[in-house]
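The values are calculated or read from the model by the stated rules, or taken from the named source; none is laboratory data. Note that the coordinates shown come from a computational prediction; the quantities given were computed from them, not determined experimentally. For neighbour counting, all protein chains shown are included, and Cβ atoms are generated from backbone atoms with ideal geometry for every residue, glycine included. With ligands, DNA and RNA removed, areas are computed over all heavy atoms of the protein, side chains included. Shrake-Rupley method; radii C 1.70, N 1.55, O 1.52, S 1.80 Å.
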Amino acid sequence: MKSIRELYRIGTGPSSSHTMGPRHAASIFASRNAEAAAFRVTLYGSLAATGRGHLTDVAIEETLSPLAPVTIEWQPQTFLPFHPNGMHFEAIDADGNTTDRWTVYSIGGGALAEEGEKSSESSDVYDMSTMTDILDWCRRTGRTYWEYVEQCEGPEIWDYLAKVWDTMRAAVNRGLDREGVLPGPLNLPRRAATYHVRASGYKSNLQSRGLVFAYALAVSEENASGGEIVTAPTCGSCGVIPAVLYHLQKSRDFSDSRIHRALATAGLIGNVVKHNASISGAEVGCQGEVGVACAMAAAAANQLFGGSPAQIEYAAEMGLEHHLGMTCDPVCGLVQIPCIERNAYAAARALDANLYSAFTDGAHRVSFDRVVEVMKQTGHDLPSIYKETAEGGLARTWTKP
């Protein structure tokens, strides 16, 4: 498995696969073709279907146009066999000849891959890639998941996770302070500030849930407006983990160091899914984004409350299992409806999964690895209209006023 640095990517929204990935790909191609007279970029499948709503064209043009004019062609009905988010870059000289070509795929979470590869960006740093094997290692060594992360990544990972947490926390704080309407034709008002104020009027149990909602909305609304966030594991699901960890730090006074360790554990959970299945909504639906984020947050919360490795694995399993089959059907192709609400609900569900697991000894029938296998197969069985194309599900309910 790759480093969790590739799972937790700091960048701007609204979409890791449709904005961050294409921007990174364009940057790589630009560095290879600084003398080009023009560029032509063809977007395929889901990337083309919702690219305008996700600002894919803007990300590519901002990166390439300082060098040369850019033409973007949209092919939403053409799905390349390797992945639904395909891009084909061409560099053209002054005589109109194509001097360089590159087909690359945005596979989720901002990561890129060429055909036949899981990722084209770095080598593996983890020698185990299933929760079963990692849990067995924890039992044999008496250590826990964050210690396995440190062993594989090196102690420098803590500096990176500190930066990740600072970025997440800043996104919550910015989102709680901002009001107004999110960009795009839906004219969707920001709600985080209102939820945060209203939560203070409830008694402690309801107030707690209202605050979690507010924190998740804050980060998701920042993402929708193009603010700086952390993919966790994607932009579309970036509000779940910050909401849970911000709430627990504020309410339970957990130190930054303990939050960093919880992030390491959550990253390991997400990495297992990314390696063995997918975190791309275009490939497996929203179960791979919000579902995985819920699993990651549930594991992080359980660790903070002293859960054993078995209990942590169980919390993660429930977080993902109960999102199986969730479609990716963004209204108008924007990361707003239903994405923002789903982040808030998943944050609350992560805390419930943590609590449920805490009442057990961690023993259960269906392993996390098995749920990952089922999620992958379920995603492949979903029709393409339910995988980030904005052609089915809730996306069909909206008509322009």
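Which of the residues spanning the stretch 350-401 are assigned to a helix (DSSP H, G or I) and farther than 20 Å from MET296 by Cβ? Steps first, please.
If we filter the stretch 350-401 for residues that are assigned to a helix (DSSP H, G or I), which is where we start, we get 350-358, 368-381, 384-386, 393-397.
Selection gives GLN377, HIS380, ASP381, SER384, ILE385, TYR386, GLY393, LEU394, ALA395, ARG396, THR397.
If we only count strands (runs of 3 or more DSSP E) wholly inside the stretch 72-164, which ones have 1 or more residues that are under 30 Å from ASP256 (Cα atoms)? Steps first, please.
On the way: elements: 86-92, 98-108, 111-113.
Answer list for the stretch 72-164: 98-108, 111-113.
I want to confirm something. Restricting to the stretch 319-332 and keeping residues that are surrounded by fewer than 24 Cβ atoms within 10 Å (Cβ to Cβ) and not hydroxyl-bearing (Ser, Thr, Tyr), which single residue is modelled with the lowest pLDDT? Step through it out loud before you land on a result.
At the first step, the residues of the stretch 319-332 found to be surrounded by fewer than 24 Cβ atoms within 10 Å (Cβ to Cβ) are 321-322, 324-325, 327, 331-332.
If we keep only those that are not hydroxyl-bearing (Ser, Thr, Tyr) too, we end up with 321-322, 324-325, 331-332.
Working: GLU321: 98, HIS322: 97, LEU324: 98, GLY325: 97, VAL331: 93, CYS332: 90.
Going through the qualifying residues, I end up with CYS332.
Does the stretch 183-196 include one or more residues that are among the charged types (D, E, K, R), open to solvent by 20 Å² or more (accessible area, probe 1.4 Å) and modelled with pLDDT of 95 or more?
In the first step, residues of the stretch 183-196 are kept if they are among the charged types (D, E, K, R); the result is 190-191.
With open to solvent by 20 Å² or more (accessible area, probe 1.4 Å) added as a condition, the list becomes 190-191.
Filter once more, so that each one left must be modelled with pLDDT of 95 or more: 190-191.
Taking every residue of the stretch 183-196 in turn, at least one turns out to be among the charged types (D, E, K, R), open to solvent by 20 Å² or more (accessible area, probe 1.4 Å) and modelled with pLDDT of 95 or more.
For a quick check of your reading of the model, give me the residue pairs whose first member lies in the stretch 303-315 and is of a type in the set (Lys, Arg), whose second is open to solvent by 20 Å² or more (accessible area, probe 1.4 Å), with beta-carbon atoms closer than 8 Å and at least 6 apart or on different chains.
none
For the stretch 272-292, what are the residues that are open to solvent by 10 Å² or more (accessible area, probe 1.4 Å) and either in a loop (DSSP other than H, G, I, E, B) or aliphatic (A, V, I, L, M) (or both)?
The answer is ALA277, GLU289.
In the set ALA300, ALA295, which member is under 24 Å from ASP381 (Cα atoms) and assigned to a helix (DSSP H, G or I)?
ALA295
Those residues that are small (Gly, Ala, Ser) and under 16 Å from ALA348 (Cβ atoms), I need them from the stretch 300-315; list them, please. If you could, list the steps in order and put the result at the bottom.
Initial filter on the stretch 300-315 (small (Gly, Ala, Ser)): 300-301, 306-308, 310, 315.
Across the stretch 300-315, the qualifying residues are ALA300, ALA301, ALA315.
Show the residue pairs meeting these rules: Cβ distance below 8 Å; 6+ apart or different chains; first residue within the stretch 42-56 and in a helix (DSSP H, G or I); second residue at pLDDT 90 or above and acidic (Asp, Glu).
Close Cβ pairs (under 8 Å, with a partner that is at pLDDT 90 or above and acidic (Asp, Glu)) do not exist here.
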